[in-house]
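The structure appears below as structure tokens.
The values are calculated or read from the model by the stated rules, or taken from the named source; none is laboratory data. This one's a predicted model, so the numbers in the text were calculated from it and none came from an experiment. Here Cβ is always computed from backbone atoms with ideal geometry, including for glycine, and neighbour counts include all displayed protein chains.
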């Protein structure tokens, strides 16, 4: 009826229902976000209530699950799920895409915040990305426990053996975890460094750029199970190609926020701009 650590991937089993490590780490991520966001909001002069943050987190949970699953279905295995449509709902079998999760969270949060100003949305985005980054890192710990998404063969002294893979491999899940923690610290440093009313949206932009660059580079040493895609005489993985729109959006937002929100309009008026 009750079993603790019944398998490598399952942390807890109750009445035949398995609670996977991946799910527990997602739960930990949302718990950390629920605790962090009310403390972080002062850095962007926000005063959202605990109920408002709870509504945002519920929307984010739905966005991650729906977006992550649909992203995996559409980006990585559309032919299989076209033939087995009911498997789309079997999220317990695994298969989530971080790119789809991004889209899902963005759509969900924009829906909840649709009546708020653009400035407020950017203020919220600047602090939300910090727990999001931590959650991405914890997700990679789940991948490591599951012994999935490992890297290519290497002779480095910290190389590891993974079930079903020949030779010793890069523990790319751990690389990604440490990178995400470093990105989270960088975002927090930049958030504290800027004044509450300056460069609003740039922390979010920095997250998009750093995540995309880290993901692109890690894909170079990740074991690829699908075919590479030729583009401009070079070959890229699907994961690398999916990071390109992220870095473009991040770079655009970084340039768009060269001046504090509202200051650009004032500058135009002083110059007689329309």
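Some notes on this structure:
- Just one of the numbered conditions (1) modelled with pLDDT under 95; (2) surrounded by 20 or more Cβ atoms within 10 Å (Cβ to Cβ); (3) within 19 Å of the chain's Cα centre (by Cα) is not true of residue 219: (2).
- When residue 39 is tested against (1) assigned to a helix (DSSP H, G or I); (2) touching a residue at least 40 places away in the same chain (Cβ under 8 Å), just one condition goes unmet, and that condition is (2).
- Residue 202 farther than 19 Å from residue 98 by Cα, touching a residue at least 40 places away in the same chain (Cβ under 8 Å) and surrounded by fewer than 13 Cβ atoms within 10 Å (Cβ to Cβ): no
- Screening the candidates 186, 133, 194 for the property of being out of contact with any strand residue (DSSP E or B) (no Cβ under 8 Å at 6 or more places or on another chain) and more than 25 Å from residue 64 (Cβ to Cβ) yields one hit, 194.
To keep it simple, each residue is scored yes or no on (1) modelled with pLDDT of 85 or more; (2) surrounded by 16 or more Cβ atoms within 10 Å (Cβ to Cβ); (3) within 18 Å of the chain's Cα centre (by Cα).
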position: 14; (1), (2), (3): no, no, no
position: 23; (1), (2), (3): no, yes, yes
position: 35; (1), (2), (3): yes, no, no
position: 44; (1), (2), (3): yes, yes, no
position: 57; (1), (2), (3): yes, yes, yes
position: 64; (1), (2), (3): yes, yes, yes
position: 67; (1), (2), (3): yes, yes, yes
position: 74; (1), (2), (3): yes, no, yes
position: 105; (1), (2), (3): yes, yes, yes
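- Residue in segment 155-163 that is touching a residue at least 24 places away in the same chain (Cβ under 8 Å) and either surrounded by fewer than 20 Cβ atoms within 10 Å (Cβ to Cβ) or closer than 22 Å to residue 31 by Cα (or both) present: no
- Conditions (1) more than 23 Å from residue 221 (Cβ to Cβ); (2) in contact with a strand residue (DSSP E or B) (Cβ under 8 Å, 6 or more places away or on another chain): number failed by residue 172: (1)
- Residue match in segment 81-92 (condition: exposed (fewer than 15 other Cβ atoms within 10 Å of the Cβ), under 24 Å from residue 192 (Cα atoms) and touching a residue at least 40 places away in the same chain (Cβ under 8 Å)): no
- Some residue of segment 174-195 being within 18 Å of residue 40 (Cβ to Cβ), out of contact with any helix residue (DSSP H, G or I) (no Cβ under 6 Å at 6 or more places or on another chain) and not in a helix (DSSP H, G or I): yes
- Residue that is farthest from the chain's Cα centre (by Cα), among those in segment 178-189 that are surrounded by fewer than 21 Cβ atoms within 10 Å (Cβ to Cβ) and more than 14 Å from residue 125 (Cα to Cα): 189
- Condition check for residue 129: under 19 Å from residue 26 (Cβ atoms), assigned to a helix (DSSP H, G or I) and under 11 Å from the mean Cα position of the chain (by Cα): yes
- Here the condition is being in contact (Cβ under 8 Å) with a residue 40 or more places away in the chain and part of a helix (DSSP H, G or I); of 64, 58, it holds for 64 alone.
- Scanning segment 76-89 for residues that are in a loop (DSSP other than H, G, I, E, B) and more than 21 Å from the chain's Cα centre (by Cα) returns a single hit, 84.
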